[in-house]
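In what follows, a single structure is set out as structure tokens and then discussed.
The values are calculated or read from the model by the stated rules, or taken from the named source; none is laboratory data. In this text the structure is predicted, and so the values were computed from the model without any measurement. Using ideal geometry, Cβ is built from the backbone for each residue, glycine included, and neighbour counts are taken over all protein chains shown.
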Ligand SMILES: Cc1cc2nc3c(=O)[nH]c(=O)nc-3n(C[C@H](O)[C@H](O)[C@H](O)COP(=O)(O)OP(=O)(O)OC[C@H]3O[C@@H](n4cnc5c(N)ncnc54)[C@H](O)[C@@H]3O)c2cc1C
Ligand code: FES
Ligand code: FES
């Protein structure tokens, strides 16, 4: 399996990349890790005329807390996230997800920016970003913009990014006392894309009342999906077993899975129900620690 | 389509070549450099037969463009240990019968090098997850796990000896 | 237990010596087909059909030929000029090499593009324009026999419907009668789906024809190089390729498991291409081509097992519908269209059985190759082992106890089975007892009772299988008329070192080590002093190849007997050297000595030297021997496997907690290698049991033709296997050995299926077909809930 011919361009700065992209037009694609894009090119599902390699751009690979935000550079690989002490200690939901994403060699190359920019509801990071209410920072021909995650995913492989926009950073509200998150996906075998996955992030106040909650779903809709009805039910409440039960039920009702090789629609709804409940419990447990 | 000049270090030797944009690294290594120890077992980045070390990290060479490896340092199975000697992983795969047909073996070993670098003392579970991007159809994995365990012990000993 | 006769240095039978072949693989120096690179190398890529059934209206080569580097596009019409567009299958059916008018399954070869470079060949294949007229495909084999089903093979004279053949064994009337009158009869339709061996190396060839010498050399991923040579000579003899001018080289093979037995159409096209162009043509299958074009299983089996009310088995009947795709290209011995399926009566002693099978054509890929199993033994074992468990559940008896009460007893061997096999040896009771003890069966039974009381789902599954391997006696077994013997040729050099050549071909089984050990055992020459050579038809003696666990039973035996011939010759030489008569010479591993005077002795190395330097008068010089071994019977390896699982009711998730495999494969040549083979076979057993199955949609499109969706287990899915052995030597094999590499693939699926079904039995579920996935379990649970 061999990709069709294309022209390769290496960008050494964000500016250069944007200039190249503006010049080459719609037939140009950025490549960061290339572990979503190149497989599609090998199968000739994607046949871009130009590839602009952004992986060599300096300064886009970092994980840090800055003000009240956790900031992750777009070129940070999933392996770098896996081994990062800050994430391990304060954002265990990241470890949950990365451990279940692809395999170690893929994670050595695949970037968080690419995982999100790909706009694929089967990828794991989008659900986490929804749950944690990330902002996506992008640079384009007309400057820098910050896109709330709820405005980011537009459709199947479609995002708010213009063709020449580069996703540069992910910003996530900093973990604080009383917050916690968890992610799990059911997969047919290790490394598989999710049959269904659920990311949950909760923030409790001192009395244990839920101040904020985010629930993102993986691969049970055409576009990465937030479980709005479930979140509303929990916000401002003390989260009880009954509420968790109800949210699981809502998740199974509101998700939009299709029957395929991974299972029937009914099975996937049931899986979403179960994982939603389990991840709510796990997130709560972590929030209460 | 323009050709691109690339220079990289493969198994300690500097290599310069003119390549097409689309040339996959695995084909560059196998066909242009005639190092056929790195194998191909799938079209979808699932099998790991093509695993090499790129700047010290395990990478599936079938999912990497040669042009992007410009300036990189690459190690393939041929360069893991000096001619006529064994890396502790090679020795362990031999001792523990960690290979049958040998087709997955180079990739499996290169992946394990990276695994042990990040986790010098892995549990059986960590080894199994750690090699989960590499398929073996022959061995049933039991002895591959044992091989990695043996190598981990050996490498720990070696490390101690050098300290 | 087996006691080693040789020292560790000599490394004869029973020693776990390390493998001699490892070094090249560990250093990246293996030489697989894709590693060959010949001067002037060209590359071939196949254009394949997107439709399962379609007329080809036209093929336009122009755009492809316009690409720089594309040299030729070869179509069925081109081959038809040489009458090479069809070829025979091993079972006297016919298969297209390239079509002239109709494609019969998705991904069938349509034409071939030859180019100077692999990448350009792919571009060329993309550029070929084929105009198809799609037709309604037959995908469901049960509909293939409908009156209004279109006739798929009008090209075959006398073919009036889509049935390929009907086959039966046993006494139908008597079996029906016993079933009709039995206290208990359990019935089930069991489906074993299409699966693919998916060796990590795909198939391929590098064919090179020299127009001056008229010699064709083909590097080929084949498990049976000699058979292929003969087939090529039969198929292409009329264009001038005669057998002495054909050299098939099977270099290192990256796993075979049966998938590298057939002759795939692209091999023939590559040979035709090099023949026409005069330059070497390489074709390497990509993974999707590999997964979609060939298969094992696809048997729908209607089973009935009859017993007395306390569980004494009385009769077994199985009626099968087999989906062969558009041609019967099963790799079976000619007289056994259903392979060894009649081993389906299992390890149990009863009198009446009947098995029948109807094979049909559909618009699917042909294949009928193995999946690490000896000719349909897996299907047979799955049928009986599922049914025995079903009977146990029906009469509420412990499935282990039910088995003990029905086993063929040790003293009943050789045992004539109801469908005509003569089982050579076994001790089924001891084997199951060992497995139960190793896993702690009684404790698990207790734990299960406790768990069930808490509403938790836990299952214990047993499989006690009997295999039949080592085809086979030439009076019954042949492939295209060639008897299924195998061969060994030994040359001992003057310095006492040896070279031995075989007609088989290792694909990871470790022949370079185990054959050397057999010779070490017989001759006392250290295994490290013996080189083993296989796979090159110009040098190796004729043999039928390696599959169906036949190498040790056939070629292993040939080696032993050839060695014994040498020993006999050596005795004459020793007598000459020691100046005594031949009758006064005795043999003990590695040396000859004078009866009663052991200090007067000559080593095998002394004797070898003398064979070239100091030859007794009248004796032929040299120290070489060849043997072609025609086995008197097959061998019947067996085993007892036990699996413990837990199932989560809410999600259907399955957790394999333990798996113990006790195998009896007779005397063991190298315990380390045997254990390794068992591990590998077990993983290839859990694969179809829980993960793998080729899925089709209603149009005949394969839905999971990549390793993304065809779920080959990783180290995470593969449990930590626990293995052990009992040993009942084969009485008729010169080494008492049987053959092992496939037992686990045969025995594991029913053990796993039985365990999962046992786990969900309290919910009312009585059967599940493999692969048993969490989704399938969940659906079954919902169906039960809906019923309640
Ligand atoms: C075998 C295999 C299994 C996998 N399994 C999983 C899995 O289970 N879960 C999962 O989440 N992922 C999985 N992946 C995908 C993997 O995680 C990818 O690496 C990741 O999704 C994409 O990252 P990348 O850097 O490789 O992106 P690329 O492939 O380089 O790019 C993906 C897309 O995003 C665009 N893009 C990339 N970076 C930017 C940027 N900074 N700004 C703007 N656009 C950009 C590209 O133009 C392209 O359209 C798997 C991949 C493989 C090969
Ligand atoms: S060849 Fe299969 S992952 Fe690279
Ligand atoms: S040893 Fe054959 S695939 Fe691993």
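Let's see how each residue does on (1) within 16 Å of ligand 3 (Cβ to nearest atom); (2) over 18 Å from the mean Cα position of the chain (by Cα); (3) at pLDDT 95 or above:
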site: A:139; (1), (2), (3): no, yes, yes
site: A:146; (1), (2), (3): no, no, yes
site: A:150; (1), (2), (3): no, no, yes
site: A:155; (1), (2), (3): no, no, no
site: A:161; (1), (2), (3): no, no, yes
site: A:184; (1), (2), (3): no, no, yes
Unique residue being modelled with pLDDT of 95 or more, buried (at least 22 other Cβ atoms within 10 Å of the Cβ), away from chain B (no Cβ under 14 Å) and away from ligand 2 (no atom under 16 Å from the Cβ) when the list is C:185, C:218, C:263, C:231: C:218
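Just to be sure before I move on: is residue A:177 within 16 Å of ligand 2 (Cβ to nearest atom) and free of Cβ contacts under 8 Å to residues at least 40 places away in the same chain in the structure I sent? If you could, list the steps in order and put the result at the bottom.
Details: within 16 Å of ligand 2 (Cβ to nearest atom): no; free of Cβ contacts under 8 Å to residues at least 40 places away in the same chain: yes.
Judged against the criteria, residue A:177 is not a match.
Which helices (runs of 4 or more DSSP H) sit wholly inside the range A:1-89 and have at least 2 residues that are facing chain B (nearest Cβ under 10 Å) and within 29 Å of residue C:117 (Cα to Cα)?
Working: elements: A:14-24, A:37-42, A:78-82.
Helices (runs of 4 or more DSSP H) meeting the threshold: A:37-42.
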Test: residue in the range B:3-22 that is touching a residue at least 12 places away in the same chain (Cβ under 8 Å), within 16 Å of ligand 3 (Cβ to nearest atom), on the phi < 0 side of the Ramachandran plot and more than 7 Å from every other protein chain (Cβ to nearest Cβ): no
Within the range C:578-590, tally of residues that are modelled with pLDDT under 95 and assigned to a strand (DSSP E or B): 1
Any hit, the range C:621-641, residues being at pLDDT 95 or above and within 14 Å of another protein chain (Cβ to nearest Cβ): yes
Qualifying residue in the range C:280-293 (condition: surrounded by fewer than 22 Cβ atoms within 10 Å (Cβ to Cβ) and either farther than 30 Å from residue C:115 by Cβ or away from chain B (no Cβ under 14 Å) (or both)): no
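Assess whether residue C:19 counts as being outside any loop (DSSP other than H, G, I, E, B) and at the interface with chain B (Cβ under 8 Å from one of its Cβ atoms). Steps first, answer last, please.
Working: outside any loop (DSSP other than H, G, I, E, B): no; at the interface with chain B (Cβ under 8 Å from one of its Cβ atoms): yes.
Answer is no for this residue.
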Matching residues, the range B:78-128, being within 14 Å of ligand 3 (Cβ to nearest atom) and more than 7 Å from every other protein chain (Cβ to nearest Cβ): B:96, B:98, B:107, B:108, B:109, B:110, B:112
Any chance residue C:270 is away from chain B (no Cβ under 14 Å), closer than 28 Å to residue C:364 by Cα and either buried (at least 24 other Cβ atoms within 10 Å of the Cβ) or more than 16 Å from ligand 2 (Cβ to nearest atom) (or both): yes
Number of positions in the range C:146-170 that are in a loop (DSSP other than H, G, I, E, B) and touching a strand residue (DSSP E or B) at 6+ places or on another chain (Cβ under 6 Å): 1
Filtered residues of the range C:701-746 (kept if surrounded by 23 or more Cβ atoms within 10 Å (Cβ to Cβ), under 24 Å from residue B:128 (Cα atoms) and more than 13 Å from chain B (Cβ to nearest Cβ)): none
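Going by what's in this entry, would residue A:81 be described as surrounded by fewer than 21 Cβ atoms within 10 Å (Cβ to Cβ), within 30 Å of residue A:198 (Cβ to Cβ) and free of Cβ contacts under 8 Å to residues at least 40 places away in the same chain?
Numbers: surrounded by fewer than 21 Cβ atoms within 10 Å (Cβ to Cβ): no; within 30 Å of residue A:198 (Cβ to Cβ): yes; free of Cβ contacts under 8 Å to residues at least 40 places away in the same chain: yes.
The answer is no for residue A:81.
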Only listed residue being touching a residue at least 40 places away in the same chain (Cβ under 8 Å) and either farther than 30 Å from residue B:46 by Cβ or away from every other protein chain (no Cβ under 14 Å) (or both), chosen from A:204, A:233: A:204
Leading residue by the ranking (nearest to residue C:257 (Cα to Cα)) among those in the range C:484-512 that are modelled with pLDDT of 95 or more and not in a strand (DSSP E or B): C:497
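Which one of these is touching a residue at least 24 places away in the same chain (Cβ under 8 Å) and either assigned to a loop (DSSP other than H, G, I, E, B) or within 16 Å of ligand 3 (Cβ to nearest atom) (or both): C:705, C:747?
After ruling out the rest, the residue left standing is C:705.
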Selection from the range A:123-143 of residues that are in a strand (DSSP E or B), more than 13 Å from ligand 1 (Cβ to nearest atom) and farther than 27 Å from residue A:183 by Cβ: A:143
Conditions (1) more than 13 Å from ligand 1 (Cβ to nearest atom); (2) buried (at least 18 other Cβ atoms within 10 Å of the Cβ): number failed by residue B:50: (1)
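I need a count of the residues in the range C:231-252 that are in contact with a strand residue (DSSP E or B) (Cβ under 7 Å, 6 or more places away or on another chain) and not in a helix (DSSP H, G or I).
Residues of the range C:231-252 in contact with a strand residue (DSSP E or B) (Cβ under 7 Å, 6 or more places away or on another chain): C:232-233, C:235, C:241, C:245-252.
If we keep only those that are not in a helix (DSSP H, G or I) as well, we get C:241, C:246-252.
Of the residues in the range C:231-252, 8 are in contact with a strand residue (DSSP E or B) (Cβ under 7 Å, 6 or more places away or on another chain) and not in a helix (DSSP H, G or I).
Evaluate the following for residue A:194: is it touching a strand residue (DSSP E or B) at 6+ places or on another chain (Cβ under 6 Å), touching a residue at least 40 places away in the same chain (Cβ under 8 Å), within 16 Å of ligand 1 (Cβ to nearest atom) and on the phi < 0 side of the Ramachandran plot? If you could, list the steps in order and put the result at the bottom.
Details: touching a strand residue (DSSP E or B) at 6+ places or on another chain (Cβ under 6 Å): yes; touching a residue at least 40 places away in the same chain (Cβ under 8 Å): yes; within 16 Å of ligand 1 (Cβ to nearest atom): yes; on the phi < 0 side of the Ramachandran plot: yes.
Yes: the conditions hold for residue A:194.
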Residue check for residue B:72: within 16 Å of ligand 1 (Cβ to nearest atom) and assigned by TED's automatic domain parsing to the domain that holds residue B:29: no
Failed criterion for residue C:533 (all others in (1) in contact with a strand residue (DSSP E or B) (Cβ under 7 Å, 6 or more places away or on another chain); (2) within 30 Å of residue C:371 (Cβ to Cβ); (3) touching a residue at least 60 places away in the same chain (Cβ under 8 Å) hold): (3)
The range C:661-698 - residue that is in a strand (DSSP E or B) and within 13 Å of another protein chain (Cβ to nearest Cβ) and, of those, surrounded by the most Cβ atoms within 10 Å (Cβ to Cβ): C:661
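Inspect all residues belonging to the range B:96-104 and state whether any of them is buried (at least 19 other Cβ atoms within 10 Å of the Cβ), within 28 Å of residue C:708 (Cβ to Cβ), touching a residue at least 60 places away in the same chain (Cβ under 8 Å) and within 16 Å of ligand 2 (Cβ to nearest atom). Even if it seems obvious, please write down each step before you answer.
In the first step, residues of the range B:96-104 are kept if they are buried (at least 19 other Cβ atoms within 10 Å of the Cβ); the result is B:96-104.
From what's left, within 28 Å of residue C:708 (Cβ to Cβ): B:98-104.
Cutting the leftovers down to touching a residue at least 60 places away in the same chain (Cβ under 8 Å) gives us B:103-104.
Imposing the further condition that a residue be within 16 Å of ligand 2 (Cβ to nearest atom) reduces the set to B:103-104.
Scanning the range B:96-104 turns up at least one residue that is buried (at least 19 other Cβ atoms within 10 Å of the Cβ), within 28 Å of residue C:708 (Cβ to Cβ), touching a residue at least 60 places away in the same chain (Cβ under 8 Å) and within 16 Å of ligand 2 (Cβ to nearest atom).
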Residue satisfying all of: in the range B:26-61; in a strand (DSSP E or B) and more than 7 Å from every other protein chain (Cβ to nearest Cβ); farthest from ligand 3 (Cβ to nearest atom) among these: B:54
